[in-house]
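Working notes, beginning with the structure itself.
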Amino acid sequence: MGSVVIIGAGGVGQVVAHKCAQVPEVFEKITLASRTKAKCDAIAAGIDRKIDTAKIDADDVPALTEFLNKVKPDLVINVALPYQDLHIMDACLAAGVHYLDTANYEPLDEAKFCYKWQWEYQERFEKAGLTALLGSGFDPGVTNVFTAYAAKHFFDEINELEIIDVNGGDHGQPFATNFNPEINIREVTAPCKHWEVDKFVETEAMSVKKSFECPENVGTYNIYRMYHEEMESLVKHFPTIKKASFWMSFSDNYLKHLEVLGNVGMTRIDPVIYNGQPIVPLQFLKAVLPDPSSLGPLTKGRTCIGCVCTGIKDGKELKKYIYNICSHEEAYKEVKSQAISYTTGVPAMIGAMMMLSKKWLKPGVFNMEQFDPDPFMDALNKHGLPWKETTL
Ligand code: NDP
C-alpha cells in the first residue's frame, strides 16, 4: 500500500519499526533514518524483514528534502524529538510527502510546548494537498481518539474530561525516565495548567494530587495534575468541555530525586559555563541517566492510561471511563521495548496505517480527534493495545 520513512531510532522508533514490519500489506517499504545510523542498523537487525537504514540530521532541511526526494516515501513518521517537528514538516512540504508525529513542537531554549507553531502550517499543507497528523502517540494520540469515540457514541455533550496516565511499572533503578529524559523532565517541571470554563488556569507544578484506583488490579496510585498538550486541541474541538485536566502517576522516590535535581540546578535548560565550555545542565543530566531503551528488560508491571468523561446523554448525567492496560513484560517480549515506548509506537503505526489506507487523509494539519475514531479504535484492538469502557 505504501512506503514510509521513520525518523528517530530511539525507544519509540524501535517499536514503530517493529510494528510497521508486522503489517507488510500496508507498509510495503520501510526506511529507518536517524542521527546515529548504528542505532537504525541495530533495530533493523532485530526485525525479520528488510528495513533500509540511513543517517540523517533532520534539522538540516535541504539534506532531508534531498533524502526524501531520493527515497520517495508516501509518509514520514517523525519519532525524533519535538525540536525537529517544524524542520521535518518543512522538508515534507518541499518533497511532497505526508507527515505524522507523536509530540508537538517545542523550542530548544524554552520549555513551552503548544500547537500554535504547527497549526500555522495549515494553509501550506492544504495548498500542497498533503496531510499532517499531529500527536499520534498514546497521550497525545489515543487519549484524543478515546475522547472523540466517547463524544460520538456515548454522549450528547461532554462537559468534563480527565485524562489519567498511570505507570504501575517498576524498573528497579534509583532514578530513570521512561522516555527521553530531557523531554520528560522539561514536561513534568513545567507549571501545571488545566482548563476551566473558557481558559487555562495555571498552578504550581505538582501542587495538586489525588489517589486513583486503576481497574483490573493494576493498583492504587498517587496521581498529580499537570499540563499536557492534548488538552489544547481537545477543548478547541469539543467546546462543550468546561473542565479538562491531565493527571500522571509519580512515585515518591521519583519526585524526591526530581526535587533535589531541581534544587541543585541540574534541570536548568539555559547554558552554564563549565571549564570554559557552555553546557546545558539538563542535557548533561540526560547523558548520565540510564538510557530509557535499557529499561526494557528490567521493567515489570503494567500501565493504565485512559479518559474519564462526564457529560449528558438524553438529558441525564453520565460518566464513562475508556482505558487501555499494557504490560511492560509483554511489550518487551514482543518488540524488545518497555510499555511506554510500546504505547507510543503502536498508535504511531496505526495513525500511519489510517493515512496510507486513506481512511484519515485530507489536505491540512489535523489533530487525532478530527477524524472518525472508529477505524482507529478497531485497529488498537488488533495491534496490541486493546481498550475497555465502563460506566462509573
Ligand atoms: P529517544 O531520545 O529515545 O529517541 C529520539 C531519537 O531521535 C534518537 O534516535 C535521536 O538520535 C533521534 N534524533 C534526535 N535529533 C535528531 C535529528 N536532528 N535528526 C535525526 N534524528 C534525531 O526518544 P523517544 O524514542 O523516547 O521519544 C521519541 C518521541 O516520542 C519524542 O518526541 C517524545 O516526546 C515522543 N513521545 C510521545 C509520547 C506520546 O504518548 N505521545 C510518549 C513518549 C514519547 P540519537 O540516537 O543520535 O540521539
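Throughout, read-outs are computed from the coordinates displayed, never taken from laboratory work. These figures come from a predicted structure and were not determined experimentally. Cβ coordinates were reconstructed from backbone atoms using ideal geometry, including for glycine residues, and neighbour counts include every protein chain displayed.
Among 141-147, 170-176, the peptide with the highest mean count of other Cβ atoms within 10 Å heads the list, and the full ranking is 141-147, 170-176.
Under the shape rule built on the C-alpha gyration tensor, where the axes satisfy a ≥ b ≥ c, the chain is rounded, since a/c falls short of 1.5.
Packing here is the average count of other Cβ atoms within 10 Å per residue, and on that basis the peptides 124-135, 10-21, highest first, run 10-21, 124-135.
Ordering V365, W119, A176 by the projection of their Cα atoms onto the charge dipole of the chain, which places +1 on the Cβ of Lys and Arg and -1 on the Cβ of Asp and Glu, puts A176 at the extreme positive end.
With a simple spin-label model that places each label point 7 Å from the Cα along the Cα-to-Cβ direction, the separation between T220 and D48 comes to 4.6 nm. Can you give the local net charge around D270? Use residues other than it whose beta-carbon is closer than 11 angstrom to its beta-carbon, Lys and Arg +1, Asp and Glu -1. Counting the neighbours of D270, the net charge comes to -1. At full extension, E123 and I312 could sit 64.5 nm farther apart than now, given 0.36 nm per residue minus the alpha carbon distance. Please work out, to two decimal places, the log10 of the ratio I(q)/I(0) at q = 0.12, 0.13, 0.14 Å⁻¹ from a Debye calculation in which every Cα of region 142-337 carries one identical scatterer. Treating every Cα as an identical point scatterer, log10 I(q)/I(0) equals -0.69, -0.79, -0.90. Among 180-190, 70-80, sorting by the average number of other beta carbon atoms lying within 10 angstrom of each residue, highest first, gives 70-80, 180-190.
Which of rounded, prolate, oblate describes region 78-179, given a ≥ b ≥ c as roots of the alpha-carbon gyration tensor eigenvalues and a/c under 1.5 marking rounded, otherwise prolate only if a/b is larger than b/c? Since a/c reaches 1.5 but b/c is at least a/b, the shape of region 78-179 is classed as oblate. Computed about the Cα centre, the dipole magnitude for the chain is approximately 540 debye when only Lys and Arg (+1) and Asp and Glu (-1) carry charge, each at its Cβ.
Placing +1 on each Lys and Arg Cβ and -1 on each Asp and Glu Cβ, with no other charges, gives region 207-329 a dipole about its Cα centre of roughly 420 debye.
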